[in-house]
1. How much of the accessible area of the stretch 204-290, probe 1.4 Å, is carbon plus sulfur, in whole percent?
2. Order of 169-175, 221-227 by packing, highest average Cβ count within 10 Å first?
3. Is the shape of the stretch 158-202 rounded, prolate or oblate, going by the alpha carbon gyration tensor and its root eigenvalues a ≥ b ≥ c, with a/c under 1.5 for rounded and a/b larger than b/c for prolate?
4. Taking the Cα centroid of the stretch 59-77 and of the stretch 97-118, what is the distance between the two, rounded to the nearest whole Å?
5. Per 0.36 nm of contour for each residue apart, how much would the distance between K213 and L44 grow if the chain were fully extended, relative to their Cα-Cα spacing?
6. Extension gain R62-R190, at 0.36 nm per residue separation less the Cα-Cα distance, in nm?
7. Leaving out ligands, DNA and RNA, what percent of the accessible area of the stretch 1-65 is carbon and sulfur, probe 1.4 Å?
8. Grab the Cα-Cα distance for D141 and E161, subtract it from 0.36 nm times how many residues apart they are, and report the gain in nm with one decimal.
Amino acid sequence: MKGLILTAGNGTRLRPLSQTKPKPLLPVANRPVISYGIEQLSNLGIQDIGLVIKPQQEELFRKSLHAYTNKNVRIHYIYQQEPKGIAHAVAQAEDFIGSDPMVLLLGDNLIDEPLDLIQESFQKESTHGTVMVTEVSKPEDYGIAKIKDNKIIELEEKPKEPKSNLAVIGAYMFQPTIFKAIHAISPSARGEYEITDAIQWMIDQGYTINHVKTTKPTFDVGTIDRWLEANQWMLKHYSRTTDDDFIDSKTDGSVIIPPVDIGENCTIDNSVIGPYVSIESDAIVKNCVLKNSILLKGSHLENIPYEITDSIFGEKAVIVGLDGDEEVMHLVFGDESKVIITNDRTKKHDNTE
Ligand code: G1P
């Protein structure tokens, strides 16, 4: 059995952060999203994991994942020259997978359910494919399954009028029959080779496809709000904050409200940090109030007169107040950056496009 993780999408809804880092390398609780998937595959005993990447990102992946692989796991880099959909990405791994069954993960999905659930069902029922489904509140954003007599009879990618609220999420198991299906399908209306179309082709040809349902949390870290939600959840459930090890820098004169995760070599001074804040290494935070936010490596926030909440700061982003009674702002604002200034705490990024 082999593992395959897809990483080469464009991440348009996470710009500008996804312009410098592929989505699966963005941190959740200070670890790249994809590192959780690698760990889950390794927990299943899988030793060979293929990562489908954009060719120019190999170095970045190698560097970022070094700390999260162990001697039992071999990572194989597989190139996808153009992002033409999930099924197209899977097709690039045909030689790597060979005649083995595979566990396929989407690199930007966080799934709490251990993968044993999918593996046991796949093996017990000797199917050609097993998908994991979960109930979602916005079915129009997902691949949606219509189930009758406990069998999937129809799959539809991001339907305008969803026939159920059961979404197929980013964990699948397949026999190599999936490659036959991918070669048989055509691009969808949005120009992508859809995994849902490939699975539908298998159903139509009479191959058995079954499903398992998870009621545990799942996150598709595809938008700013969902990324913050995933970070919040991960900090809450797996945080080290009850244990000082989770704060790897000095936090003199600051109030820390758990759960938080602070990396190495940060300067945290006279600030209120938390709850739900993760700060990567080398950041500077002075005289700030920070809640539910993510700071990437080397970001610098100082003397900010407002509470900062639901916010993300990219690597080496700088916001500094100089006088304490500021009236003027000088901004260097990169492409597709966004600032929302509000008294309305319910305002979310995803509905202020
Ligand atoms: C993809 C799949 C979709 C699936 C979703 C899970 O969509 O195409 O079938 O439900 O992942 O996150 P994406 O969000 O990548 O467009």
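The values are calculated or read from the model by the stated rules, or taken from the named source; none is laboratory data. Just so it is clear, the model here is predicted, and its values are computed rather than measured. A quick note on method: Cβ atoms are made from the backbone with ideal geometry, for glycine too, and the neighbour counts reach across all protein chains shown. Surface areas here come from the heavy atoms of the whole protein model, side chains and all, with no ligands, DNA or RNA. Shrake-Rupley method; radii C 1.70, N 1.55, O 1.52, S 1.80 Å.
1. Details: 1810 of 3970 Å².
C and S atoms contribute 46 percent here.
2. Taking the mean over residues of other Cβ atoms within 10 Å, the ranking is 169-175, 221-227.
3. On the way: a/c = 2.37, a/b = 1.31, b/c = 1.82.
Oblate is the answer for the stretch 158-202, as a/c is 1.5 or above yet b/c matches or exceeds a/b.
4. Cα centres, the stretch 59-77 to the stretch 97-118: 17 Å.
5. Working: separation 169, 0.36 × 169 = 60.84 nm, distance 1.85 nm.
My answer for the length gained is 59.0 nm.
6. Working: separation 128, 0.36 × 128 = 46.08 nm, distance 3.14 nm.
Roughly 42.9 nm would be gained on extension.
7. Carbon with sulfur: 42 percent of the solvent-accessible area.
8. Working it through step by step, the gained length comes to 6.1 nm.
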